[in-house]
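Here the structure comes first, spelled out in structure tokens, and everything after it is commentary.
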Amino acid sequence: MRVFDLFLRSFLLLNFLFLSFYSSLYAQAVSQEEERFVLSLEDVLRRARAQSPAAKRAETRRENNYWNYRLFRSNYNPQLRLGGTVPAFSQAFSNVVQPDGSILFREVRQNLADLEIGMEQEIAATGGRISVNSSTSRFDNFLAPEGFPQTQWQGVPVNVRLNQPIFAFNPLKWDKMIEPLRYEAANKAFVEEMEEINFIVTSIYFDFLVAQANVEIASLNLLNTQDIYKIEQRRYEMGATYEDKLLQIELQVLQAKQDLAQAQLDLDRSSLSLKAFVGLNERSQLILLTPAEIPQAQIDFSKALDLAFQNRADAVKFDIQNLEAEAAVARARGERFALNLNASYGLNNAALQWTDIYTNPNTQTLVNMSFFIPVLDWGRNKARMGSACQ
């Protein structure tokens, strides 16, 4: 009996918990289905700007354009870089050419490690690059003969390098003119998108109000037609009217029902469009308030034209297209030939101890100028210039 009593109590407790859980879910579902929103035009516009998918897409594009602009700005800032190879170990047999021309295979077991740190700065005016560097290298020969050092050090305490293209296309110069305009156009495009959202939401809002009024009119018309049909039916029973007239009024009742169904369908379609655009649950009930007053806008044509040139993104995009065309011509001219200057000046040293590298280092100077000039290109440069000038 005790076992049966315990089983019965457990069964009742589980049933109670299940019913409580089911009741809470049902109440939550009912409350969600019966969620109602009484909104004015300002409320709907505010929700659309904050929650609509179109506004989210506009915000995402705006953020992407912001980070692209930040990336452009970072090209003009100094960059601190660290690089090297740690380690570069090799163990193999290598062929070594002897003084008499013969080849002797010798085992090689060595390691080379190097590390360099430098500060690099782009020169926007000329398109060159200047950097200040410091580096050190360690070489280990694990099979060094007796009496020879196993470890050697080499280092550059300080070094200044310059890489300067001459008469070449300078992307930094053109980016400095184009990218700020591109960022400005992106911001103006964002404002245009938000205003476009306001325009679309306002149109849907008033479509909903019109559909809502049509439902009210159709409902009232159906009620009136049904009342007239009841009166005419009583008159027909009393013999005071004809069957043809009764049938005509019955046809009007059917037409009123059809008009009400169509009005309700238009209202549901407008409601779904508005809910989908502003990001509301489709089961929500909307009650929209009619604006108290609608302002009368008076627009001066010349002022509107001036404001369009000031605020429209297309006006800025036109300037961007002109600059991009000029940049394409400059790029084509810069690709006719290549002339590059590389210069380096600093101190370097080699020693058996790392600290000895910085003791009485020697001067290190490197200068070279490379060039590339096409002698015969079968009209390639001419075609490139012609294509860029179009």
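Here are a few things to note about the model shown:
- A count restricted to the range 157-168 and to residues that are loosely packed, with under 15 Cβ neighbours inside 10 Å and either under 23 Å from the mean Cα position of the chain (by Cα) or closer than 30 Å to Ser137 by Cβ (or both) stands at 1.
- Check on Leu307, surrounded by 12 or more Cβ atoms within 10 Å (Cβ to Cβ), within 34 Å of the chain's Cα centre (by Cα) and in a loop (DSSP other than H, G, I, E, B): no
- Residue, modelled with the lowest pLDDT, within the range 296-338, restricted to residues that are farther than 23 Å from Met194 by Cβ and touching a Lys or Arg at 6+ places or on another chain (Cβ under 7 Å): Glu335
- Matching residues in the range 61-80 - criterion: being acidic (Asp, Glu) and in contact (Cβ under 8 Å) with a residue 24 or more places away in the chain: none
- Exclusive hit being in a helix (DSSP H, G or I), touching a Lys or Arg at 6+ places or on another chain (Cβ under 7 Å), among the hydrophobic types (A, V, I, L, M, F, W, C) and at pLDDT 85 or above, set Leu209, Leu222, Leu251: Leu222
- Positions within the range 25-52 being at pLDDT 85 or above and among the acidic types (Asp, Glu), in sequence order: Glu42, Asp43
- For the range 254-271, the set of residues classified as more than 19 Å from Arg283 (Cβ to Cβ), surrounded by 15 or more Cβ atoms within 10 Å (Cβ to Cβ) and hydrophobic (A, V, I, L, M, F, W, C) consists of Ala256, Leu260, Ala263, listed by residue number.
- Selection count where residues are out of contact with any strand residue (DSSP E or B) (no Cβ under 8 Å at 6 or more places or on another chain) and at pLDDT 90 or above, scope the range 140-168: 0
- Selection over the range 120-155 of residues that are assigned to a loop (DSSP other than H, G, I, E, B) and touching a residue at least 60 places away in the same chain (Cβ under 8 Å) gives a count of 1.
Yes or no, residue by residue, for (1) crowded, with 17+ Cβ neighbours inside 10 Å; (2) closer than 30 Å to Arg57 by Cβ:
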| residue | (1), (2) |
| --- | --- |
| Gly155 | yes, no |
| Asn170 | yes, no |
| Glu179 | yes, yes |
| Gln248 | no, no |
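- Looking only at residues of the range 316-355 that are in a loop (DSSP other than H, G, I, E, B) and not aromatic (Phe, Trp, Tyr), we find that the one that is nearest to Asn187 (Cα to Cα) is Glu335.
- The requirement of being crowded, with 16+ Cβ neighbours inside 10 Å and part of a helix (DSSP H, G or I) is not satisfied by Thr202.
- Of the residues making up the range 356-372, just one is in a helix (DSSP H, G or I) and buried (at least 16 other Cβ atoms within 10 Å of the Cβ), namely Ile357.
- Checking each residue in the range 101-127 for being within 15 Å of Asn159 (Cβ to Cβ) and surrounded by 14 or more Cβ atoms within 10 Å (Cβ to Cβ) picks out Asp114, Leu115, Glu116, Ile117, Gly118, Glu120, Gln121.
- Residues in the range 339-355 that are small (Gly, Ala, Ser) and farther than 15 Å from Phe371 by Cα: Ser344, Gly346, Ala350, Ala351.
The values are calculated or read from the model by the stated rules, or taken from the named source; none is laboratory data. As the structure is a computational prediction, the values presented were derived from the model and not from experiment. Neighbour counts run over all protein chains shown; Cβ positions are idealised from the backbone, glycine included.
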